[in-house]
Amino acid sequence: MTQHRIVKTDAEWRAQLTDMEFAVLREAATERPWTGELIDEKRDGVFRCRACGAQLFSSGTKFDSHCGWPSFYDADPEAVTLHEDLTHGMVRTEVRCAACDSHLGHVFPDAPQTPTGDRFCINSVSLTFDQAGESA
């Protein structure tokens, strides 16, 4: 299934997002660890892209990795795209929203305690949370 791509100008994104949201989602910045509002979110529900609302992660895949950002061991492969990131003198895998191409964070193969072995380390500011059973 091909997802509808959301394309906006920087001016349109700036009008929709706060300065911090724009820096992370559109310029691939990283929020400071332990500052995000969703780090300790434990309710049942779904995590969505803050920029476009696309569903990205289920609360059932969230785990405490003690890294300072919300962590998930799996994502819908149609919801995210993965890209090689060579910035900051490292080789990492960047995670982006498949619908709007917003930067979400990175994925690392360093979570052997999870079913996939992966840790999607995601900026809290790049997500919203919808609790199960609440109408949108």
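The values are calculated or read from the model by the stated rules, or taken from the named source; none is laboratory data. Keep in mind the model is a prediction, meaning the values are calculated, not measured. We place every Cβ from the backbone using ideal geometry, glycine too, and count neighbours over all the protein chains shown.
Within region 1-51, being in a helix (DSSP H, G or I) and not aliphatic (A, V, I, L, M) holds for ASP10, GLU12, TRP13, ARG14, GLN16, ASP19, GLU21, PHE22, ARG26, GLU27.
Taken residue by residue, region 122-133 has at least one member that is assigned to a loop (DSSP other than H, G, I, E, B), farther than 18 Å from THR81 by Cα, modelled with pLDDT under 95 and not hydroxyl-bearing (Ser, Thr, Tyr). Residues considered: PHE72, PHE57. Of these, the only one that is touching a Lys or Arg at 6+ places or on another chain (Cβ under 8 Å) and not polar (S, T, N, Q) is PHE72. If you go through region 40-58 and keep only what is over 15 Å from CYS97 (Cα atoms) and either of a type in the set (D, E, K, R) or surrounded by fewer than 16 Cβ atoms within 10 Å (Cβ to Cβ) (or both), you end up with ASP40, GLU41, LYS42, ARG43, ASP44. Within region 87-112, if we keep just the residues that are farther than 20 Å from VAL24 by Cβ and without any contact (Cβ under 8 Å) to a residue 24 or more places away in the chain, the residue that is surrounded by the fewest Cβ atoms within 10 Å (Cβ to Cβ) turns out to be GLY89.
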